[in-house]
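The values are calculated or read from the model by the stated rules, or taken from the named source; none is laboratory data. Computed from a predicted structure; not experimentally measured. Here the Cβ is made from the backbone with ideal geometry for all residues, glycine too, and neighbour counts use every protein chain on show.
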Amino acid sequence: MLRVTDLHAAYGTSRVLFGVALEVREGEVVALLGRNGMGKTTTIGCISGLRKPSAGSVEFGGLRLDQLKPHRIAHQGIGLVPEGRRIFPNLSVKENLLMAALPRAAAGGPWTLKKVIEFFPRLGERLDNGGNQLSGGEQQMLAIGRALMTNPKLLILDEATEGLAPLIRQEIWLRLHDLKQQGMAMLIVDKEVQKLAHLADRHYVLEKGTVVWQGSSAELAQADCAAHQYLAV
């Protein structure tokens, strides 16, 4: 479904990615792990079109994405839940959701306003509230709901539980498990390795802009797994 090959990226003269390669298959959940500053968000930015790679390629369903604008990439079926949520504070919850709607067949049936509200009932209670009137957890639900309204083939989540209260984090993880059961392919960046070990099928670990380890959840769970040295704080 998604194939990233030999991806390089830089901020001015500072190189950040050095030949990153990864793939996500249809219906698969893949985690992108690593300490802060290792290139995870830059990789997501290159996939979603928010940052242009300096070399390498991003293919989705056989189509090259790395030269497309972000809105064109979204139309191909990639839904992004960005780091920091980035909802529209001057729009209501309902407007935030409807402005992203793309009619398209999706795993488990099309995502509509009604279906998103059923998935996150709290949003249904806040439909007329402005984005800036929501709690952090509600904003995160809105960011996920907005991405689902595009009816993505692949959902990308960058730090979807960061800074949230424990109960809200738990609810988000439960909803992600629901999406997996529905067959949604996902690429997830998050610091909660144990949660990802129970959710993801495979993992990639980034260290200084390079993939230094990849493997299954069973392999990651092993006490002597080489990946642990790159994840310890």
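Scanning for something surrounded by fewer than 20 Cβ atoms within 10 Å (Cβ to Cβ), modelled with pLDDT of 95 or more and within 15 Å of the chain's Cα centre (by Cα), does the range 63-71 turn up at least one residue? No; the residues of the range 63-71 include none that is surrounded by fewer than 20 Cβ atoms within 10 Å (Cβ to Cβ), modelled with pLDDT of 95 or more and within 15 Å of the chain's Cα centre (by Cα). Can you find a residue in the range 10-26 that is touching a Leu at 6+ places or on another chain (Cβ under 8 Å), surrounded by fewer than 16 Cβ atoms within 10 Å (Cβ to Cβ), outside any strand (DSSP E or B) and at pLDDT below 95? No, because not a single residue in the range 10-26 is touching a Leu at 6+ places or on another chain (Cβ under 8 Å), surrounded by fewer than 16 Cβ atoms within 10 Å (Cβ to Cβ), outside any strand (DSSP E or B) and at pLDDT below 95.
The set of residues from the range 63-94 being assigned to a loop (DSSP other than H, G, I, E, B), without any contact (Cβ under 8 Å) to a residue 40 or more places away in the chain and among the aliphatic types (A, V, I, L, M) comprises L65, L68. Filtering the range 35-56 for residues that are touching a residue at least 24 places away in the same chain (Cβ under 8 Å), exposed (fewer than 15 other Cβ atoms within 10 Å of the Cβ), at positive phi and in a strand (DSSP E or B) leaves an empty set. Whether a residue is aliphatic (A, V, I, L, M), more than 23 Å from V30 (Cα to Cα), part of a helix (DSSP H, G or I) and touching a residue at least 40 places away in the same chain (Cβ under 8 Å) was assessed, and L97 passes this test. When you look at G163, is it within 25 Å of K195 (Cα to Cα), within 17 Å of the chain's Cα centre (by Cα) and either among the small types (G, A, S) or buried (at least 22 other Cβ atoms within 10 Å of the Cβ) (or both), yes or no? For G163, the condition - within 25 Å of K195 (Cα to Cα), within 17 Å of the chain's Cα centre (by Cα) and either among the small types (G, A, S) or buried (at least 22 other Cβ atoms within 10 Å of the Cβ) (or both) - is met.
Please go through the range 1-55 and pick out each residue that is basic (K, R) and within 15 Å of H203 (Cα to Cα). Quick ask: steps written out before the conclusion?
In the first step, residues of the range 1-55 are kept if they are basic (K, R); the result is 3, 15, 25, 35, 40, 51-52.
Passing the criteria: R3, R25, R35, K40.
Applying the selection to the range 202-223, what residues are of a type outside the set (S, T, N, Q), in contact with a strand residue (DSSP E or B) (Cβ under 7 Å, 6 or more places away or on another chain) and crowded, with 17+ Cβ neighbours inside 10 Å? Spell out how you get there, then give the answer.
Narrowing the range 202-223 to residues of a type outside the set (S, T, N, Q): 202-209, 211-213, 215, 218-221, 223.
Right, trim to in contact with a strand residue (DSSP E or B) (Cβ under 7 Å, 6 or more places away or on another chain) and you get 202-206, 209, 211-213, 215, 220.
Matches in the range 202-223: R202, H203, Y204, V205, L206, G209, V211, W213, L220.
For the range 3-24, the candidate set comprises residues that are among the charged types (D, E, K, R) and out of contact with any Lys or Arg (no Cβ under 9 Å at 6 or more places or on another chain); within that set, the residue that is farthest from L155 (Cα to Cα) is R15.
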